[in-house]
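Asks: Questions regarding the structure given below will be posed in turn.
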Amino acid sequence: MPSRMTVHKWFLRMQYELSLRLVSGGEGLDKELTTPQVSRPGLTLAGYFRHFDPRQMQVLGQQEIAYVSDLAPARRSEIFRQMLDADMPCVVVTRGLEPPAELVEESRRAATALLSTNMSTGSFIARTIVYLEEEFGPSEVLHANLAEVYGVGVLIQGKSGIGKSECMLELVKRGHRFVADDSVVLKHITGHRVVGTSAHPLKYYMEVRGIGIISVVTIFGVTAVRSHKRVGLVATLVGPDEYNDEGRTGLDQEEVMLMGEMLPHVRVPVRAGRSPAVLVEVATMDFLARRMGHYAAREFDEALLRQIESGQEPGAAPFGDWDDQADF
């Protein structure tokens, strides 16, 4: 987990997504961002510096620019000089507004990057915080695989040698997407989200027992991979000695704690003749159905109870209920 990153690195990565443009102070791009927090310096522009945090990126929107425009030029210079002398990482002016001349001058003097964007202030701050929290958020590395199955991030766990990579390989072959093999970096970010990516510097490679290292991109194409994915479901591959039939109906949804978040969890039995990839696919489809309010196990249980209460014996439907035109 990085504890800091340069403004230059953030600028290069987000330049097009955030419509960023360097106005002045380019020599200050080597300054470092050390917190995911972003600030709008309202009270600071009024001269109140007691709780001003110079570690944060400072964002000036329409209200801030309108306020300083009403100040005398000497007062504007004084405020901007005091702000920039605190050695903040950078200043961003939103909505395509023209930065005050005093701010441009002080950014050059203090060697602090002054940037401009056409985005609205709220949108810019929201996207920037999400990106910075992904970079600075708490993280941990797990021995697992991560795939995108039907749009859901599925973390595949299990003991070494149980077949996690083989399961991943079959999922990719069946049209799903590869994210990480063997080692996954998980990050906890705003919105109770856990996002995973590969822990290896060289992404999109995986080891297949009996074959060796393969390139997923070379074999399956660029559409078969993605760099990161939010984890929505955890699937643990278990051997026959670890699996039991308790809760086999699925009435009780099992959950597991991951980075402080409770996530849906399924145990996938690995046995000769079974395809763990198919079971992971079905578990994912059932997860999607549950999110839409369709709980198959609960619906089956309720239907069975109604049948028992009505006194009707379980069995085939009467012949009278069948389609007369059925082809026997």
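Asks: Using a ≥ b ≥ c from the Cα gyration tensor of the stretch 1-81 (square roots of the eigenvalues), is it rounded, prolate or oblate, where a/c under 1.5 gives rounded and otherwise the larger of a/b and b/c decides, a/b for prolate?
Replies: Because a/c hits 1.5 or more and a/b exceeds b/c, the stretch 1-81 counts as prolate.
Asks: Using the Kyte-Doolittle scale, find the helices of the chain whose mean hydropathy is at least 0.0 and whose Cα atoms extend 18 Å or more along the helix's long axis, counting only whole DSSP H runs.
Replies: Qualifying helices, which must be both long enough and hydrophobic enough, are 121-136, 276-291.
Asks: Can you list residues whose amide H is under 5 Å from LEU60's amide H, if they're 5+ apart or on another chain and H is modeled 1.01 Å from N?
Replies: Under 5 Å from the amide H of LEU60: VAL92, VAL93, THR94.
Asks: Still on this structure, I have one more. What does the convex hull of the Cα atoms come to per residue for the stretch 32-142, in Å³?
Replies: It is 98 Å³ per residue.
Asks: Follow-up question, since we're still on this one. Report the extension gain between MET257 and ILE211 in nm, rounded to one decimal, defined as 0.36 nm multiplied by the number of residues separating them, less their alpha carbon distance.
Replies: That pair, MET257 and ILE211, stretches by 13.1 nm at full extension.
Asks: Next question, about the same structure. How much length, in nm to one decimal, is gained on full extension between THR35 and ALA126, taken as 0.36 nm per residue of separation minus their Cα-Cα distance?
Replies: Extra length available between THR35 and ALA126 comes to 31.3 nm.
Asks: By how many nm would the segment from ARG4 to ALA303 grow when fully extended, if each residue of separation counts as 0.36 nm and the alpha-carbon distance is taken off?
Replies: Taking 0.36 nm per residue and subtracting the Cα distance, the gain is 102.0 nm.
Asks: Determine, for GLU135, GLU98, the number of other Cβ atoms within 10 Å of each Cβ, and report the residues in order from fewest to most.
Replies: Listed from fewest to most nearby Cβ atoms, that is GLU98, GLU135.
Asks: Okay, next question. Comparing PRO201, PRO36, PRO138, which has the greatest mean-square fluctuation in the GNM of the chain with Cα pairs linked when under 10 Å apart?
Replies: PRO201
Asks: Still on this structure, I have one more. Which residue, VAL154, LEU186, GLY96, has the largest displacement toward the positive end of the dipole of the chain when charges sit on each Cβ (Lys, Arg +1; Asp, Glu -1)?
Replies: Comparing the listed Cα positions along the dipole, GLY96 ranks first.
Asks: Size of the dipole of the chain about the Cα centre, Lys and Arg at +1 and Asp and Glu at -1 on the beta carbon, nothing else charged, in debye to 20?
Replies: 1480
Asks: While we're on this one: With just the Cα atoms of the stretch 77-187, tell me how far they stretch along each of the three principal axes, in Å, largest first.
Replies: Computed over the stretch 77-187, the largest-to-smallest principal extents equal 66, 25, 18 Å.
Asks: Students often get this wrong, so try it: which of (i) 24.0; (ii) 21.5; (iii) 20.8 is Kirkwood radius over Cα pairs in Å as calculated from the structure shown?
Replies: Only one option fits the structure, namely (i).
Asks: Which order do TYR205, TYR16 fall in if you start with the one that has the fewest other Cβ atoms within 10 Å?
Replies: Fewest-to-most ranking of TYR205, TYR16: TYR16, TYR205.
Asks: Now, a different point. Can you divide the C-alpha Rg of the stretch 139-299 by 2.2 N^0.38 Å and report the result to two decimal places?
Replies: 1.00
Asks: Can you sort MET257, MET168 so the residue with the fewest Cβ neighbours within 10 Å comes first?
Replies: By the 10 Å Cβ count, ascending: MET257, MET168.
Asks: Go ahead and run the numbers for FRET between ALA289 and ALA111, Cβ-Cβ distance against an R0 of 51 Å, rounding to 0.05.
Replies: With a Förster radius of 51 Å, E is 0.35.
Asks: So if R0 is 30 Å, what FRET efficiency would GLU27 and VAL141 give, r being the distance between their Cβ atoms, rounded to the nearest 0.05?
Replies: 0.25
Asks: Divide by every residue of the chain the summed helix terms, -39500 (n - 2.57) for each DSSP H run of at least 4, and state the resulting mean residue ellipticity at 222 nm, rounded to the nearest 500 deg cm²/dmol.
Replies: -9500 deg cm²/dmol
Asks: Between their Cα atoms, which of LYS31/LYS203; LYS159/LYS187; LYS164/LYS229 are more than 20 Å away from each other?
Replies: LYS31/LYS203; LYS159/LYS187
Asks: OK, next. So how strong a dipole does the stretch 139-299 carry about its Cα centre when Lys and Arg Cβ are +1 and Asp and Glu Cβ are -1, to the nearest 20 debye?
Replies: The calculation lands at about 520 debye.
None of the figures in this text is laboratory data; all of them are computed from the coordinates on show. Model, not experiment: these values are computed from the prediction. Cβ: placed from backbone, ideal geometry, glycine included. Neighbour counts: every protein chain shown.
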